[in-house]
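The values are calculated or read from the model by the stated rules, or taken from the named source; none is laboratory data. On a predicted model such as this, the values are computed, not experimentally measured, just so you know. Here the Cβ positions follow ideal geometry from the backbone for every residue, glycine too, while neighbour counts run over all protein chains shown.
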Amino acid sequence: MNNSHVRIFDTTLRDGEQSPGATMSSSEKLEIARGLARLGVDIIEAGFPAASPDDLEAVRRIAIEVGNALPGDDRPPPVICGLARANQSDIDAAWEAVRHAARPRIHTFLATSPIHMRYKLRMDPEEVVERVREMVAYARSLCADVEFSPEDAGRSDPEFLYLVLGEAIKAGATTLNIPDTVGYTTPEEFGALISGIIAHTPGIENAIVSVHCHDDLGLATANALAGLRAGARQVEVTINGIGERAGNTSLEEIVMALHTRRQAYELETNIDTTQIARMSRMVSNYTGIPVQPNKAIVGANAFAHEAGIHQDGMLKNHQTYEIMRPETVGLSRSRLVLGKHSGRHALKAHLEEMGYSLSSDELNRAFERFKELADKKKTITDADLEALMEDQAYSSEEVYSLDGLQVACGTMGMPTATVRLRGPDGKLHIHAAVGTGPVDATYKAIDAVMNVKNTLLEFNVHAVTEGIDAIGEVTVRLQAENGQQSRRTSPQSDVARARTFGGYGADTDIIVASAKAYLSALNKMLLSAGRHAGAAEVRAPGVMEAVGEQ
């Protein structure tokens with residue numbers, strides 16, 4: 001027996017399904033079981049067959065379809081296990097379900113803590129010992145592989161545990177699972193419990209010691225690792241750590257702790273770690289239980305870096321802030337998440353990856369606009385950056401620029417917009433207008449300031465990214481009317497009259513984006529007409545003017 005090998009016993013389909021709202025259909029359980037086999041788990045606890053006819057059928061299907069070797073597959077199939085209370089009818093149901101597997105297992109349990117024996121079982125300790133002896137022997141008469149768990153072992157008297165476990169071994173148990181059923185113990189206590197069991201249980205050399213920890217105090221993984229360090233060689237886990245109450249020990253945390261800290265634990269598993277992320281998504285999708293973003297190993301933020309200092313370190317060497325590679329767990333790469341904490345180097349590197357090569361001045365402008373956007377959005381996506389860069393490209397030459405915009409609209413009153421534009425002479429021009437809607441009112445106010453005759457041919461708006469804080473992207477197409485053509489073209493020319501100008505704007509406020517797009521097109525029109533020098537003079541009467549820089 002390889003004493004450094006840790007058997008991974010996955011109970012996602014049994015204990016994991018006991019999470020409130022996590023019930024899965026038979027077909028979903030079968031798909032997860034297939035995924036667990038690909039992952040390389042040693043034992044799949046497929047369910048609790050006595051719970052319902054549907055559960056029995058689900059376990060039976062898994063035993064048949066996953067618990068037998070496939071043609072061309074050299075790996076042994078996983079052990080298929082069914083849970084049973086320590087009574088004959090439960091054990092019969094479990095055997096009926098798992099017997100179709102090449103390697104079946106019956107897992108039976110009985111509580112051993114004083115509080116459980118007194119209030120739940122209403123049995124004396126002597127009765128518990130006798131029941132364990134009898135039911136383990138019965139399970140062994142049906143199946144060569146029998147696991148026994150003393151429920152609530154974490155709060156049981158150690159001396160009583162030694163007695164019960166010794167009797168279970170005599171009756172034929174091949175695996176002794178020690179559950180911290182209510183997540184009560186600390187790592188030091190649990191490690192000492194496992195050490196005591198290994199040292200004092202008669203016949204322990206004939207069984208494998210297993211650990212099954214719950215996360216009520218957030219110590220499940222720490223307790224399980226303490227148990228392994230003390231000599232346990234099977235660990236019971238679930239994908240994403242789902243399970244009763246606060247959940248179970250997380251498969252991905254145990255596996256990656258042993259993988260990453262090989263020298264510390266000197267233990268190994270059969271798990272194909274590149275399948276971890278895929279299994280995490282599958283279980284989350286089928287159970288409807290989302291994975292919290294900061295969940296170790298599989299959370300959305302597990303390999304994401306937003307802080308500027310961290311991003312700078314990652315760009316220089318990933319080992320500065322990552323103790324494992326995302327590819328190891330089946331993710332494509334680390335993410336430098338762009339947000340308000342990000343630095344200039346991270347933005348530059350990300351834009352270069354997207355194909356943008358910026359000068360120092362262009363990067364400074366982009367970084368300034370990026371910071372403004374990051375104050376409005378929690379996370380900046382690639383689509384946001386593309387919109388930002390397009391907006392910057394189109395707004396590089398401005399005759400008039402948007403300095404302020406205020407809009408009032410709704411079902412009561414008339415839509416009104418007040419715009420403040422900075423002209424080519426540095427002066428501020430303010431005008432208010434009423435329109436059929438907020439965009440119409442904004443455009444009329446801009447027209448009053450700039451006095452550029454045009455026809456709006458197209459107005460398109462769409463959200464660049466998902467979510468309520470998405471960037472809105474607006475594109476417009478304007479046609480210059482007579483008198484606004486390029487001076488190089490005759491006013492009578494059909495080409496001149498048909499000349500069109502496009503504008504683009506992006507902002508988290510769709511009205512602001514609309515104003516930017518309209519201004520962009522009008523500025524192009526003015527520049528094309530060669531009126532830059534005299535543009536400040538073409539404003540309509542009645543427009544308020546605020547002189548000077550602000």
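Of all residues in the stretch 5-29, which are out of contact with any Gly (no Cβ under 9 Å at 6 or more places or on another chain) and at pLDDT 95 or above?
His5, Val6, Arg7, Phe9 - these are the residues of the stretch 5-29 that are out of contact with any Gly (no Cβ under 9 Å at 6 or more places or on another chain) and at pLDDT 95 or above.
Looking at the stretch 99-149 only, could you name the residues that are of a type in the set (Ser, Thr, Tyr) and in contact with a Ser or Thr (Cβ under 8 Å, 6 or more places away or on another chain)? Steps first, answer last, please.
Let us first name the residues in the stretch 99-149 that are of a type in the set (Ser, Thr, Tyr), namely 108, 112-113, 119, 138, 141, 149.
Result: Thr108, Thr112, Ser113, Ser149.
Give the residues of the stretch 148-164 that are closer than 20 Å to Asp90 by Cβ and aliphatic (A, V, I, L, M), sorted by residue number. Before you say what the answer is, go through the steps one by one.
Taking the stretch 148-164 as the starting set, the residues that turn out to be closer than 20 Å to Asp90 by Cβ are 148-153, 164.
Once the filter is applied, which keeps residues that are closer than 20 Å to Asp90 by Cβ and aliphatic (A, V, I, L, M), the stretch 148-164 yields Ala153, Val164.
Determine which member of the set Phe148, Phe109 is among the aromatic types (Phe, Trp, Tyr), touching a Leu at 6+ places or on another chain (Cβ under 7 Å) and crowded, with 16+ Cβ neighbours inside 10 Å.
Details: Phe109 fails: touching a Leu at 6+ places or on another chain (Cβ under 7 Å).
From the options Phe148, Phe109, the qualifying one is Phe148.
Answer yes or no as to whether Asp54 is at pLDDT 95 or above and either touching a helix residue (DSSP H, G or I) at 6+ places or on another chain (Cβ under 8 Å) or in the same structural domain as Thr108 (by TED's automatic domain parsing) (or both).
Working: at pLDDT 95 or above: no; either touching a helix residue (DSSP H, G or I) at 6+ places or on another chain (Cβ under 8 Å) or in the same structural domain as Thr108 (by TED's automatic domain parsing) (or both): yes.
No, not satisfied.
Say whether the condition of being of a type in the set (Asp, Glu) and crowded, with 23+ Cβ neighbours inside 10 Å is met by at least one residue in the stretch 175-194. Break it down into steps so the answer makes sense when it comes.
Just the residues of the stretch 175-194 that are of a type in the set (Asp, Glu), to begin with: 180, 188-189.
Subset that is crowded, with 23+ Cβ neighbours inside 10 Å: 180.
The answer is yes; a qualifying residue exists.
Touching a helix residue (DSSP H, G or I) at 6+ places or on another chain (Cβ under 6 Å) and either farther than 24 Å from Asp157 by Cβ or assigned by TED's automatic domain parsing to the domain that holds Glu167 (or both): does that describe Leu142?
Numbers: touching a helix residue (DSSP H, G or I) at 6+ places or on another chain (Cβ under 6 Å): yes; either farther than 24 Å from Asp157 by Cβ or assigned by TED's automatic domain parsing to the domain that holds Glu167 (or both): yes.
Judged against the criteria, Leu142 is a match.
Return the residues of the stretch 79-102 that are closer than 17 Å to Gly40 by Cα and in contact with a Gly (Cβ under 7 Å, 6 or more places away or on another chain); say none if nothing qualifies. So that I can check it myself, show each step before the final result.
Filtering the stretch 79-102 down to residues closer than 17 Å to Gly40 by Cα leaves 79-81, 101-102.
Once the filter is applied, which keeps residues that are closer than 17 Å to Gly40 by Cα and in contact with a Gly (Cβ under 7 Å, 6 or more places away or on another chain), the stretch 79-102 yields Ile80, Ala101, Ala102.
Report, by residue number, each residue of the stretch 189-214 that is in contact (Cβ under 8 Å) with a residue 12 or more places away in the chain, farther than 24 Å from Leu251 by Cα and small (Gly, Ala, Ser).
Matches in the stretch 189-214: Gly196, Gly203.
Give the residue, chosen from Ile239, Ile254, Ile198, Ile194, that is farther than 30 Å from Ile169 by Cβ, of a type outside the set (D, E, K, R) and modelled with pLDDT of 95 or more. Please lay out each step first, then the result.
Numbers: Ile254 fails: farther than 30 Å from Ile169 by Cβ; Ile198 fails: farther than 30 Å from Ile169 by Cβ; Ile194 fails: farther than 30 Å from Ile169 by Cβ.
The match here is Ile239.
Would you check which residues across the stretch 403-437 are within 20 Å of Ala513 (Cβ to Cβ), surrounded by 16 or more Cβ atoms within 10 Å (Cβ to Cβ) and out of contact with any Ser or Thr (no Cβ under 8 Å at 6 or more places or on another chain) and list them?
The answer is Thr416, Thr418, Arg420.
Here are Arg105, Arg133: which of them is in the same structural domain as Thr12 (by TED's automatic domain parsing), basic (Lys, Arg) and in a helix (DSSP H, G or I)?
On the way: Arg105 fails: in a helix (DSSP H, G or I).
Just a single option satisfies the conditions, and that option is Arg133.
Do we have Val329 as at pLDDT below 75 and of a type in the set (Val, Ile, Thr) here?
Working: at pLDDT below 75: no; of a type in the set (Val, Ile, Thr): yes.
No.
How many residues, within the stretch 86-102, are of a type outside the set (Val, Ile, Thr) and buried (at least 19 other Cβ atoms within 10 Å of the Cβ)?
7
Tell me the residue from Asn177, Asn270 that is out of contact with any Ser or Thr (no Cβ under 9 Å at 6 or more places or on another chain), outside any helix (DSSP H, G or I) and either assigned by TED's automatic domain parsing to the domain that holds Arg325 or among the polar types (S, T, N, Q) (or both), please.
Values: Asn177 fails: out of contact with any Ser or Thr (no Cβ under 9 Å at 6 or more places or on another chain).
Residue meeting the stated conditions: Asn270.
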